[in-house]
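Asker: Below you'll find the structure I mean.
The values are calculated or read from the model by the stated rules, or taken from the named source; none is laboratory data. This is a predicted model, so every value here is computed, not measured. Cβ coordinates were reconstructed from backbone atoms using ideal geometry, including for glycine residues, and neighbour counts include every protein chain displayed.
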Amino acid sequence: MACWGWGWHSETAIHVLRLLAAGIFDKFPDLKIIIGHMGEMLPIMWARSARAFSPGAGGENQRTLADTFQQQVYITTSGFFTQPPLQIALDTFGIDNIMLSVDYPFSTNQMGVDFLNEIQLPQDQIEKIAYKNADKILAFNELAL
């Protein structure tokens, strides 16, 4: 249970929510984190979590889940290579916060390539997922200079 099949995802989601509730994202507004697996269950629990962790609901966070995540949390595909998880990730995190990742050894590079070729999105959005978001977030272009 506590492995890559389930536990990792739920534990990571809980840790991210703890960072939010503790006000860490507000205390460190330049902090950016990247989590995998299409958001580690957070997109599925989004509406419920947004209510439970709203400002003033007992935590120290000053901003909503949506505002905080849009500004400071990024996700990778990490082996989730079908359209339904991508769609809910797009709906919750937005196109600018999603990056491609293959999750080796649990998924292959070819699975990631096939996914990119099958995504039902405009080409400019596929490019954001494939490499442009990572370039922006991780400043790859600046490192090359």
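Asker: Can you name the condition, by its number, that Asn61 falls short on among (1) farther than 14 Å from Lys32 by Cα; (2) loosely packed, with under 13 Cβ neighbours inside 10 Å?
Answerer: Looking at each condition in turn, Asn61 falls short on (2).
Asker: Moving to a separate point now. Quick one: Glu11 ticks every box in (1) more than 21 Å from Gly94 (Cα to Cα); (2) over 17 Å from the mean Cα position of the chain (by Cα); (3) of a type in the set (Asp, Glu) bar one, so which box is it?
Answerer: (2)
Asker: Taking segment 95-137, which residues are among the hydroxyl-bearing types (Ser, Thr, Tyr), within 19 Å of the chain's Cα centre (by Cα) and surrounded by fewer than 16 Cβ atoms within 10 Å (Cβ to Cβ)?
Answerer: Hits for segment 95-137 are Tyr104, Tyr131.
Asker: A further question on this structure: Got a number for residues in segment 18-55 being within 16 Å of Gln71 (Cβ to Cβ), aliphatic (A, V, I, L, M) and surrounded by 14 or more Cβ atoms within 10 Å (Cβ to Cβ)?
Answerer: 8
Asker: Are there any pairs, at least 6 apart or on different chains, whose C-beta atoms fall under 7 Å, with the first in segment 4-15 and over 9 Å from Met41 (Cβ atoms) and surrounded by fewer than 14 Cβ atoms within 10 Å (Cβ to Cβ) and the second at pLDDT below 80 and not acidic (Asp, Glu), and if so, which?
Answerer: From residues that are over 9 Å from Met41 (Cβ atoms) and surrounded by fewer than 14 Cβ atoms within 10 Å (Cβ to Cβ), the pairs are Gly7/Met1.
Asker: Given the structure, is Gly79 over 29 Å from Gly23 (Cα atoms), touching an Asp or Glu at 6+ places or on another chain (Cβ under 9 Å), in a loop (DSSP other than H, G, I, E, B) and not aromatic (Phe, Trp, Tyr)?
Answerer: Spelling it out, Gly79 is indeed over 29 Å from Gly23 (Cα atoms), touching an Asp or Glu at 6+ places or on another chain (Cβ under 9 Å), in a loop (DSSP other than H, G, I, E, B) and not aromatic (Phe, Trp, Tyr).
Asker: Another question, then. Search segment 19-37 for residues that are in a loop (DSSP other than H, G, I, E, B) and pair each with any residue that is β-branched (Val, Ile, Thr) and surrounded by fewer than 17 Cβ atoms within 10 Å (Cβ to Cβ) when their beta-carbon atoms are under 9 Å apart and the residues are at least 6 apart or on different chains.
Answerer: These pairs meet every condition: Lys32/Ile137.
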